[in-house]
1. Could you list, in sequence order, the residues of the range 224-243 that are in a loop (DSSP other than H, G, I, E, B) and in contact with a Ser or Thr (Cβ under 7 Å, 6 or more places away or on another chain)?
2. With Ile232, Ile164, Ile211 as the choices, which residue is of a type in the set (Val, Ile, Thr), buried (at least 18 other Cβ atoms within 10 Å of the Cβ), in contact (Cβ under 8 Å) with a residue 12 or more places away in the chain and over 22 Å from Thr4 (Cβ atoms)?
3. Please return the ranges of strands (runs of 3 or more DSSP E) entirely within the range 1-89 where 3 or more residues are of a type in the set (Lys, Arg) and under 25 Å from Lys104 (Cα atoms).
4. Checking the conditions here, which among Val221, Val246 is touching a residue at least 60 places away in the same chain (Cβ under 8 Å), part of a strand (DSSP E or B) and buried (at least 18 other Cβ atoms within 10 Å of the Cβ)?
5. Select from the range 95-131 the residues that are among the hydroxyl-bearing types (Ser, Thr, Tyr) and outside any loop (DSSP other than H, G, I, E, B) and write down the one among them that is nearest to Ile164 (Cα to Cα).
6. If I go through the range 174-208 residue by residue, how many of them are crowded, with 16+ Cβ neighbours inside 10 Å and more than 28 Å from Val26 (Cβ to Cβ)?
7. In the range 160-204, what residues are more than 30 Å from Lys134 (Cβ to Cβ), assigned to a loop (DSSP other than H, G, I, E, B) and of a type in the set (Ser, Thr, Tyr)?
8. Tally the residues that are in contact (Cβ under 8 Å) with a residue 60 or more places away in the chain, within 26 Å of Ser15 (Cβ to Cβ) and either crowded, with 18+ Cβ neighbours inside 10 Å or among the β-branched types (Val, Ile, Thr) (or both), restricting the search to the range 39-59.
Amino acid sequence: MKITILGTGTFYVNSTRSGPSYLLEVDDKKILIDCGPGTLMRLSQIGIKVEDLDYIFISHFHADHTSDLFALLMNFRLKDFFSNEKEYKTPIVFGPKGIKNFIKKLSRVYELLAFDNYSKVEYKTYKKSIQIGKVKVKTFKVSHTAFGLMAKSYALSFEFNGKIFAFSGDSVMCQGLADASKEADLFVCDASYAKDKGSPAHLNTNEIGEIAQSSKVKKVVLTHFYPNTEQIDLVAEVKEKYLGEVVRGEDSMVINL
């Protein structure tokens, strides 16, 4: 498994941090996980074309995790207008209930009715377990509330050849997150808050440490950074509760399992 951290930021995009997005290359498949602002640029910078993608997994619908998704899918829709190539591979898009309607609604909001009757992109609602070739994907409902509204938010784990890559999505401490990260070789985790900060939306660093320790995670990579944490040693704070390896994520970072 090869994991490229495409974006470690949030809505606060700058020259060094794009929005949340991750590329998993495994079993000859290219799997995009979330598609926040800057994803298309980051993919192009590492030589990945949108037509190279086999699957897209969306953890939840918030715009910092999906704002480039419509633009990505429009690449395929526009092939019908600008290319004689009528047969081409499109990714299968997995997401929470309503994923297909989410794209159709965006199509209307943007006054681009490109996806009202477009059938070349396939959408699938999450099941607890999804098999992609030899890769086993598990989905875990997690708790993520923003501005008083509960999101349909999921953590994900990908298992291949005895290795587990887990991704928290956006979450607070909950059973779903504990289950998703259990005995993970790599846990890419939402690190929005420094220790002792409370929120119904995101984890703080001590909570990350507690979950990683109890779940027997081998390595934690922190992501989803807000500007007010840039000068804080988040790694040291996680390690107050966790004895394993902790890395502060950076855009374009590559991890091999």
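Each value in this text was obtained by applying a stated rule to the coordinates, not by laboratory testing. If you're wondering where the values come from, they're calculated on a predicted model, not measured in any experiment. A quick note on method: Cβ atoms are made from the backbone with ideal geometry, for glycine too, and the neighbour counts reach across all protein chains shown.
1. Once the filter is applied, which keeps residues that are in a loop (DSSP other than H, G, I, E, B) and in contact with a Ser or Thr (Cβ under 7 Å, 6 or more places away or on another chain), the range 224-243 yields His224, Phe225, Tyr226.
2. Testing whether each residue is of a type in the set (Val, Ile, Thr), buried (at least 18 other Cβ atoms within 10 Å of the Cβ), in contact (Cβ under 8 Å) with a residue 12 or more places away in the chain and over 22 Å from Thr4 (Cβ atoms) leaves just Ile211.
3. Qualifying strands (runs of 3 or more DSSP E): none found.
4. None of the others qualify; the one that does is Val221.
5. Ser129
6. Residues in the range 174-208 being crowded, with 16+ Cβ neighbours inside 10 Å and more than 28 Å from Val26 (Cβ to Cβ): 8 in total.
7. Within the range 160-204, Ser192, Ser199 qualify.
8. Summing the residues that are in contact (Cβ under 8 Å) with a residue 60 or more places away in the chain, within 26 Å of Ser15 (Cβ to Cβ) and either crowded, with 18+ Cβ neighbours inside 10 Å or among the β-branched types (Val, Ile, Thr) (or both) in the range 39-59 gives 3.
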